1. Going by a ≥ b ≥ c, the root eigenvalues of the Cα gyration tensor, does the chain fall in the rounded group (a/c under 1.5), the prolate group (a/b larger than b/c) or the oblate group?
2. How about region 136-217: which trypsin sites (Lys or Arg not before Pro) there are in a DSSP loop, with at most 15 other Cβ atoms within 10 Å of their Cβ?
3. Using unit Cβ charges (K, R positive; D, E negative) and no other charged atoms, how large, in debye to the nearest 20, is the dipole of the chain about its Cα centre?
4. Could you work out how far the C-alpha centroid of region 27-45 sits from that of region 112-139, in angstrom?
5. Identify the residues of region 186-213 with backbone N under 15 Å of a label point that sits 7 angstrom from the Cα of Asp158 along the Cα-to-Cβ direction, or state none.
6. With +1 on the Cβ of every Lys and Arg and -1 on the Cβ of every Asp and Glu, and nothing else charged, how large is the dipole of region 95-200 about its Cα centre, in debye rounded to the nearest 20?
7. Scaled to the compact-protein estimate 2.2 N^0.38 Å, what is the alpha-carbon radius of gyration of region 95-200, rounded to two decimal places?
8. Please give the contour-minus-distance gain from Thr188 to Asp83: 0.36 nm per residue of separation, less the Cα-Cα distance, rounded to one decimal in nm.
Amino acid sequence: MSSAAAKPILYSYFRSSCSWRVRIALALKGISYDLVPVNLLKDGGQQFSAEFKAVNPMQQVPALKIDGITLSQSLAIIHYLEDICPNPRLLPQDPKKRAQVRMIADHIVSGIQPLQNLSVLKQIGEKKMEWAQNCIASGFQALEQILQHTAGRYCVEDEVSMADLCLVPQVSNAERYKVDMSPYPTITRINKALLELEAFKVSHPSRQPDTPAELRA
Ligand SMILES: N[C@@H](CCC(=O)N[C@@H](CS)C(=O)NCC(=O)O)C(=O)O
């Protein structure tokens, strides 16, 4: 991103875990941006408006307008930010560790979050709480075992990586759906350590321009 370039615009919803991943990356890399809130519940869901569909045909947040292109898919956005702004790096140099970071990120991004996304829970109806708990719990059982082999202070050893950007928002979803976290001590420990970092604090759902007053920290 050149200094003369227009400020990026992030389409985000305060409580969206996928938006939070990108907000963390932007904060870590010190990229300032304008935020356009997309309320996923108001007016039947502002993601379904014609205006937003023109931004992201998938009708999901996040989307980022940057350097003359519009990107959706949080991990694709994070990879672009990594390419244009490599410091601090969010992928380790070592190929094995890089693969572990990608494995953990994919596990959350493809294997857990989509199963408990709003549009799926709407279809599930009355049993949505139980459904979300089961999806997250079975994903976390596997993740806990994986992290026992890969983790240091964070998901893969001691360097904050893309895996961590996916972990914290997913734990927040777990808390929201009242998942019992006691079987996952490694996930809980890493989440706590990450939440102490400034980039995770400023991007937190409780501190966004569209956070309702009653949920503000
Ligand atoms: N794979 C996409 C998923 C995006 C996604 O599921 N976004 C959710 C919020 S976290 C959403 O916009 N949901 C709207 C809906 O389900 O109607 C990504 O990583 O960005």
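1. Since a/c reaches 1.5 but b/c is at least a/b, the shape of the chain is classed as oblate.
2. Hits after loop and neighbour filter: Arg153, Lys178, Arg216.
3. For this selection, approximately 140 debye.
4. If you average the Cα positions of each part, the centres end up 23 Å apart.
5. Zone members listed by number: none at all.
6. 240 debye
7. Working it through for region 95-200, the quotient is 1.05.
8. Numbers: separation 105, 0.36 × 105 = 37.80 nm, distance 3.01 nm.
Between Thr188 and Asp83, full extension yields an extra 34.8 nm.
Computed from the coordinates by the stated procedures, all read-outs in this text should not be read as laboratory data. Since the structure is predicted, the reported quantities are computational estimates derived from the model, not experimental observations. Every residue, glycine among them, receives a Cβ derived from its backbone with ideal geometry; neighbour counts consider all protein chains shown.
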